[in-house]
Amino acid sequence: MQGVRSGFVIVTVVVALAVAAPVVAAVALVDLDEGELLESSAADIPVVSADRPLDLLLLDVVQERIARGALREDGTVPVLSVSSDPGPALGARELTVRELLQVLLLTDSRAAARSLTAAIGPGEQRGRARMRAAACRLGLRRTTIPEDWPGTPTRTLAHASVAPAERLAAGTHAVGRRATTQATIGRAPPTTTVRDVARLAIAVFTDPAMRRRVALDGVPIANGAIIVRATAPLVTTILPGTPAITEARTDERGAALVAGTADGLDLLAIASGPGARQEARALLAHGLASYQRIEIVRAGQPVGREVKVRDGTVPWFSAVAAQSFAVTAPRTRPGALRLMLQLPAVVEAPLDRAQAIGELVIAEDTRVIGAVPLVVPLAVAPSRWIDTARE
């Protein structure tokens, strides 16, 4: 047992080896185009001090409320302050939901998180309830939201022991034969897992607009009164030619999220544990080298054989794809994809423009992974209409 003196307060701490965290990093690789988890390892290990990953859950609820019409991006929200906020000084003002979203994406602003939590409620308590409901909807079984989240940021101190639960929440980290305990001051930290973070990232960042927002280096808000810089982005975006120093801005207290793009492939690497930032960056590089984005068909592209028209104003036409379709596949297995054309040889007029007449089925081995409707590229009238007009 050991005493730790802080000012005039003596805090007693006790070793808690039962919650020792593993020294291995937990990782997950997410395909943002498909919204799928490509790879993972030790992904169910808890991430302690998960304030930033938990911001993803808040973003998901904000998006859901906007989609329902219960919240407007251009609607104004009062800024609620948080003591010792590591984010920018927002002051006592009102900002739009869009501005607060951008602040939360680019900085570790607890004020932005608290203000948005109150906006989705309305009220912070109802806001947290909505977040818990969203966690259930997304299957986040290991994600917790403290009653005071997102209050005073979690601060940690390394000790040989920890204080009572009402004052300190602790987790022991073993390195070799030595063990240290991180005591969390102020409140019990939220927890989640890398797998849950991956589910949240899929829910939030499959939206291309959110990916564009998080890739910004800075934005003006409050009519230009504040310039928000990307000091602690929720997701670090690695672009071609971006220096490695960019990675240092990733939050060190919880999971590290690093995104990158190559040849149309959009991946997100998530890591937690020792060397999380380096692990995430290495996993991203592995993913971009191991997978590829294969374009199967483009919208409007002619597909298949010519289709004959019986009694029409045109004798034939080429069906076109109604939409684009691409798939992410391992570079070592490009031949595993199969295309099956379902298209009639002859159709009868009249035909409407964009009328579906078949489909292109895409399968991987024996599993169907998609189907693209094939449509008529132009309106085709019956040939007898011309004869009637002549009469």
Report summary line: Counting only strands (runs of 3 or more DSSP E) entirely within segment 261-372, those with at least 2 residues that are outside the structural domain of VAL194 (by TED's automatic domain parsing) and basic (Lys, Arg) are 302-310
Report summary line: The correct count of residues that are closer than 11 Å to VAL103 by Cβ and assigned to a loop (DSSP other than H, G, I, E, B) in segment 218-231 is 3
Query raised in the report: If only one of ARG137, ARG98, ARG93, ARG110 is of a type outside the set (Val, Ile, Thr), farther than 23 Å from ARG213 by Cα and in the same structural domain as PRO53 (by TED's automatic domain parsing), which one is it?
Result: ARG137
Query raised in the report: Of the residues VAL103, VAL82, which is in contact (Cβ under 8 Å) with a residue 40 or more places away in the chain, assigned by TED's automatic domain parsing to the domain that holds PHE205 and within 17 Å of GLY224 (Cβ to Cβ)?
Result: VAL103
Requested in this report: Please go through segment 331-368 and pick out each residue that is modelled with pLDDT under 90 and either within 16 Å of VAL297 (Cα to Cα) or not basic (Lys, Arg) (or both).
Outcome: THR332, PRO334, GLY335, ALA336, LEU337, ARG338, GLU364, ASP365, THR366
**Report entry** Out of ALA118, ALA111, ALA92, sole residue that is among the aliphatic types (A, V, I, L, M), in contact (Cβ under 8 Å) with a residue 12 or more places away in the chain, out of contact with any helix residue (DSSP H, G or I) (no Cβ under 9 Å at 6 or more places or on another chain) and within 26 Å of LEU216 (Cβ to Cβ)
**Finding:** ALA92
Query raised in the report: Would it be correct to say that SER324 is in contact with a strand residue (DSSP E or B) (Cβ under 7 Å, 6 or more places away or on another chain) and surrounded by fewer than 14 Cβ atoms within 10 Å (Cβ to Cβ)?
Result: yes
Query - segment 16-34 - residue that is loosely packed, with under 13 Cβ neighbours inside 10 Å and either part of a loop (DSSP other than H, G, I, E, B) or at positive phi (or both) and, of those, modelled with the highest pLDDT - result: VAL24
Query raised in the report: Looking at segment 38-84, which of its residues are over 30 Å from SER290 (Cα atoms) and either assigned to a strand (DSSP E or B) or of a type in the set (Lys, Arg) (or both)?
Result: VAL48, ARG65, ARG68, ARG72, THR76, VAL77, PRO78
**Report entry** Unmet criterion (only one of (1) small (Gly, Ala, Ser); (2) at pLDDT 90 or above; (3) over 22 Å from the mean Cα position of the chain (by Cα)) for ALA256
**Finding:** (3)
Query - Residue that is surrounded by 18 or more Cβ atoms within 10 Å (Cβ to Cβ) and either modelled with pLDDT under 85 or out of contact with any Leu (no Cβ under 8 Å at 6 or more places or on another chain) (or both), where the choices are ASP51, ASP55, ASP60 - result: ASP51
Query - Which listed residue is touching an Asp or Glu at 6+ places or on another chain (Cβ under 6 Å) and at pLDDT below 95, from THR193, THR181, THR172 - result: THR193
Query raised in the report: Among LEU288, LEU337, LEU360, LEU374, which is the only one that is under 30 Å from ALA232 (Cβ atoms) and either touching a Gly at 6+ places or on another chain (Cβ under 8 Å) or of a type outside the set (Asp, Glu) (or both)?
Result: LEU288
Query - Meets criteria (under 25 Å from PRO86 (Cα atoms) and modelled with pLDDT of 95 or more) for ALA248 - result: no
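The values are calculated or read from the model by the stated rules, or taken from the named source; none is laboratory data. Since the model is a prediction, treat every value here as computed from it, not as a measurement. Cβ atoms come from the backbone with ideal geometry, glycine included; neighbour counts cover every protein chain shown.
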